[in-house]
Each structure stands twice: as C-alpha cells, then as structure tokens.
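Written below as structure tokens is the structure these notes are about.
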Amino acid sequence: MGIKSHTQDCSGEKVDIVRELHKNMDSTREKMEKETLIFIEATKSFTLEWIQRELELNTLPMGKDVYPRNKDTDKKKPDKMSHLKEMNSGIPLIVEENLNRDEYWAHRDQLLQNDVSRDYLEFKKDKMKKGLTSSVRMILGCAAEIFADLKDEAPGDRIWVKERGRRKYICILRFSDEMTASLDRYFTMLEELLILGNEMKEIEKRTQARENKKGR
C-alpha cells in the first residue's frame, strides 16, 4: 500500500514537472516571437535610414547640374528617382515580406521540441544570421543599383555587385546596434529553449526506461 502511494506521488510529481516545462517552453517561444518582431522593426528603421542617407548623397541637388550632360540618361533619371522614392515608401512592407519567414526563425521550427545537439543549435544560429544578412543585403543592393544608375557608373565600379545573375549582392554589411542587440537576446532565449527541450527529453527517456523494466 505504501509503495503504491509513493508511485502515485512520483507520477503526479512528474506530471507537474512536465506541465511546468511545457509552460516555460511556450512562454519562451512567445518571448522569442516578440523579439523577432522587434528585430524586424529595427531592420525597417536601419534600412530606411540607409536608403535616405544614400538618397541625399547620390541624387541630383535641385538647381545644380552635378553629373555630365547626357540627354538620354537625363530623361531616364526622373523615372529612376520615382522608382527609388516608391521603394523607399514601401520599405516597411519589403522588409516584412523578406524577414518575417518561418525558415529564418528557429523558435517556429517544431524540430526544437525534440532533442537537438549543441552543434545543431550553433548551425541553426549561423544559418539564421546568414539568411537575415542576405535578405537585408538584397534589399539595400536593389536600391544601390538605382543609385549607381543615377550616377551612370560602370558595373565594375559599383560597390554592390550582382553574382551569377541572381539577386545576390556582395558587400560588407554590419547590422545596427539595435539589430545586433535584438538578435543576441533572441539567441540567448534560443539557448534557454534548447535546455528546456532537453529536460523534457530526459524525462521522456526515464519514463520509457521505467516502462521497459515493468514490461520485462
């Protein structure tokens, strides 16, 4: 009778522990989702500031003829300016569409509910950073091409270079302090999610081991 009671208590304790782990994992995922949106908003500000700064540096000042005269090119410049301004006004949506993807954000990956290794986590973090950097680089690269066209630069003189005919741009891109801090917070929570997931897996393994002993 005493043994039966002790077994029930252990079982109840395990249920409480599992319930608490699930609660903590859900809470961590919610925080990570909020941090995802914080990073995206920081990227919108970073991108808008970058394009606005380049717009001021690279566009033709009113009333000044800075660039060499070329009638055909001059006719095209108003269209390019218009396209650039349209792009600038649409940046928040462009950033949202390119960065708010499940493939970039590990907490949306159901695989993390299972037992994952430290190496896998580091791989996931590195892949996330590369994917986000590539997307931001592409957005800024599209704008940079227009700036280069406005100045009639030769393709080889451009800082942003198309690679293999795809929308991939080569450049050194440093995230803003706000973006970096947000991503660091996200990665810290990702570590916490890994620990919680591994604790859950250990409980499942111990439970399965006890069940196997009973079945013998």
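The values are calculated or read from the model by the stated rules, or taken from the named source; none is laboratory data. Just so it is clear, the structure is predicted and the values come from calculations on it, not from any experiment. Every residue, glycine as well, gets a Cβ built from its backbone with ideal geometry; the counts of neighbours run over all protein chains shown. Ligands, DNA and RNA are excluded from the accessible area calculation, which covers all protein heavy atoms including side chains. Shrake-Rupley method; radii C 1.70, N 1.55, O 1.52, S 1.80 Å.
Summary table below
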{"item": "Residue ID - farthest from E192 (Cα to Cα), chosen from residues in segment 1-46 that are modelled with pLDDT of 95 or more, open to solvent by 40 Å² or more (accessible area, probe 1.4 Å) and of a type in the set (D, E)", "result": "E41"}
{"item": "Cβ-Cβ under 6 Å pairs, at least 6 apart or on other chains, segment 92-104 side in a helix (DSSP H, G or I), far side of a type in the set (D, E, K, R) and open to solvent by less than 50 Å² (accessible area, probe 1.4 Å)", "result": "P92/K44; V95/K44"}
{"item": "Any hit, segment 62-77, residues being exposed (fewer than 13 other Cβ atoms within 10 Å of the Cβ) and either under 35 Å from the mean Cα position of the chain (by Cα) or modelled with pLDDT of 90 or more (or both)", "result": "no"}
